[in-house]
Amino acid sequence: MRGERPMRIEIESLALGGYGLGRWEGKVVFVPYGVPGDVLEVEITEDHRDYAFGRILKIEEPSPHRVSPPCPVFGRCGGCQWLHMDYSLQLEAKELLVKRELRKFLEKDALQPIVPSDPHMEYRTRAKLRVAKGQIGFYQEKSHQVVALGHCPVMTSNMNKALLVLYHRLKDLRRVGEIDLFSRGDEETLLVSMKSRERLGAIHDLFHALKKETESRVGLRVLWKGKVSHLGPKTMEEKILGHGILVGHDTFFQNNRFLRDKLAAVVLEQAKPWLEGPVLELYAGAGTFTVPLVKEGARVTAVEGHIPSARLLKENLPPEAEVMEASCEKALEKLKDRSFSLVILDPPRTGCTPPVRQAIGDLSPQAILYVSCNPATMARDMAQWKEKGYRLTFLQPLDMFPHTGHIEVVGVMAKEGPEG
Ligand SMILES: C[S@@+](CC[C@H](N)C(=O)[O-])C[C@H]1O[C@@H](n2cnc3c(N)ncnc32)[C@H](O)[C@@H]1O
């Protein structure tokens with residue numbers, strides 16, 4: 001197919017990862033930035049046995065769902081893939097994708113309508129900015145090329161103000177590699193972490209400029225060759241369902257400020273039938289779900305492998321709560337003779353490793369509550385538990401990542417209800 005003359009393809013749907021999906025003589029062609037309903041002139045860029053990737057040469061007939069992307073670098077920046085599509089189509093596409101990935105597990109009525117992000121702009125509280133050749137921005141998709149950015153429509157307003165401060169000062173700062181921005185949902189605090197060998201005078205100036213321009217309390221961390229300097233706070237208190245939770249520069253925290261409470265509420269609600277017995281929570285982070293669960297009276301054993309997050313998790317919980325500062329693989333070896341009514345897990349995109357998958361099945365809890373940002377790895381992990389008699393009885397997609405092809409889902413696999 002590759003090298004053939006351009007072909008005319010109609011985009012039928014959207015695929016996981018965000019690509020438009022069309023067909024050429026029956027073969028699936030994934031087309032970045034293709035929108036369902038588009039008729040496109042496409043050139044093949046990668047050809048495989050069962051599928052190919054293509055690049056848009058010309059939009060012959062635009063889909064009625066195309067909108068003007070509110071970002072001048074859309075199409076080059078790797079951050080968003082769907083800013084050129086109306087939001088209702090994005091939601092529809094995500095529901096379909098979840099259904100497609102998890103179809104073979106779904107019990108009748110299990111799939112819930114997707115929860116939208118409202119609003120769906122300025123939702124993002126965390127970003128890793130890249131710096132190269134005097135430019136600051138995000139990486140281009142699948143490349144280490146920096147796409148210079150003056151404003152990002154999905155980041156909070158104080159992060160955008162910080163971006164401008166950093167942009168104007170870059171030329172004065174020596175050896176800056178990457179910069180992490182992490183804002184509190186209400187923009188009261190902004191944590192900034194950067195690698196730089198700049199002298200402290202210039203760092204102080206930057207710190208004061210960030211405070212003035214962002215109108216937030218600022219915690220600035222500078223890392224250079226194993227040395228760490230801090231100006232301002234090292235952590236900040238976030239809120240989940242009204243409960244305070246401390247998070248720091250390196251802690252994972254749910255990125256969508258408008259939906260994180262809803263996500264925690266779904267987890268809590270779905271966990272409720274099993275909270276009489278002991279609960280095991282794997283990949284707990286700083287306690288987004290653990291804190292509300294413990295406040296609800298649950299007896300939780302929480303496992304987190306990233307040491308700074310595990311330390312904050314301990315601080316966020318009452319002293320009697322059981323926190324294991326270990327990888328899930330190691331913790332599960334130690335826990336193999338214990339009994340749990342419910343296992344909650346929220347692994348990274350890669351899902352569980354085979355020993356974790358196996359150990360969860362061997363623990364044989366009444367239910368497994370799986371929070372995932374990747375339905376494909378979730379499906380792979382669930383297949384093993386399905387063989388052990390678990391059925392997917394509840395599946396809730398949430399649009400934690402608007403304008404991207406990513407989806408968050410909460411799934412419950414139950415062996416039998418708490419009533420028996
Ligand atoms: C997707 S985050 C979820 C965190 C938390 N549930 C939340 O919503 O804030 C995954 C967490 O798992 C931790 N993690 C990743 N791999 C791990 C492993 N093998 N063992 C233990 N923790 C791990 C990461 O440090 C991170 O905090």
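The values are calculated or read from the model by the stated rules, or taken from the named source; none is laboratory data. Treat the numbers as computed from the prediction; the structure is a model and nothing was measured. As a convention, Cβ positions derive from the backbone with ideal geometry for all residues, glycine included, and neighbour counts pool all protein chains shown. We work out accessible area using only protein heavy atoms, side chains counted, and drop any ligands, DNA or RNA first. Shrake-Rupley method; radii C 1.70, N 1.55, O 1.52, S 1.80 Å.
Observations, loosely collected:
- Residue check, R103 in contact with a strand residue (DSSP E or B) (Cβ under 6 Å, 6 or more places away or on another chain) and either over 15 Å from P402 (Cβ atoms) or free of Cβ contacts under 8 Å to residues at least 40 places away in the same chain (or both): no
- Some residue of segment 239-258 being in contact (Cβ under 8 Å) with a residue 24 or more places away in the chain, within 12 Å of the ligand (Cβ to nearest atom), touching a Cys at 6+ places or on another chain (Cβ under 7 Å) and assigned to a strand (DSSP E or B): no
- Verdict on I240 being among the β-branched types (V, I, T) and not assigned by TED's automatic domain parsing to the domain that holds G185: yes
- Condition check for F289: touching a Ser or Thr at 6+ places or on another chain (Cβ under 9 Å), aromatic (F, W, Y), closer than 26 Å to I368 by Cα and within 15 Å of the ligand (Cβ to nearest atom): no
- Selection count, segment 267-286, where residues are within 12 Å of the ligand (Cβ to nearest atom) and in a helix (DSSP H, G or I): 1
- Meets criteria (surrounded by fewer than 19 Cβ atoms within 10 Å (Cβ to Cβ), without any contact (Cβ under 8 Å) to a residue 60 or more places away in the chain, at positive phi and within 20 Å of the chain's Cα centre (by Cα)) for E92: no
- Per-region count, segment 212-227, residues assigned to a strand (DSSP E or B), open to solvent by 30 Å² or more (accessible area, probe 1.4 Å) and not basic (K, R): 2
- Among the residues of segment 141-153, at least one is open to solvent by less than 30 Å² (accessible area, probe 1.4 Å), part of a loop (DSSP other than H, G, I, E, B) and under 22 Å from D86 (Cα atoms).
- Residues of segment 168-204 that are farther than 19 Å from V131 by Cα and either of a type in the set (D, E, K, R) or touching a His at 6+ places or on another chain (Cβ under 6 Å) (or both): R184, D186, E187, E188.
- Filtered residue count, segment 293-338, keeping only those that are more than 14 Å from the ligand (Cβ to nearest atom), open to solvent by less than 90 Å² (accessible area, probe 1.4 Å) and of a type outside the set (D, E): 4
- In segment 81-89, the condition of being of a type in the set (S, T, N, Q), free of Cβ contacts under 8 Å to residues at least 60 places away in the same chain and surrounded by fewer than 21 Cβ atoms within 10 Å (Cβ to Cβ) is met by at least one residue.
- The listed residue being open to solvent by 40 Å² or more (accessible area, probe 1.4 Å) and on the phi > 0 side of the Ramachandran plot, out of K108, K133, K99, K128: K133
- Residue in segment 122-139 that is farther than 30 Å from V176 by Cα and either in contact (Cβ under 8 Å) with a residue 24 or more places away in the chain or outside the structural domain of S183 (by TED's automatic domain parsing) (or both) present: no
- Selected residue (criterion: nearest to M378 (Cα to Cα)) from residues of segment 347-362 that are hydrophobic (A, V, I, L, M, F, W, C) and under 22 Å from the mean Cα position of the chain (by Cα): C352
- Leading residue by the ranking (surrounded by the most Cβ atoms within 10 Å (Cβ to Cβ)) among those in segment 344-374 that are in contact with an Asp or Glu (Cβ under 8 Å, 6 or more places away or on another chain) and in a strand (DSSP E or B): I344
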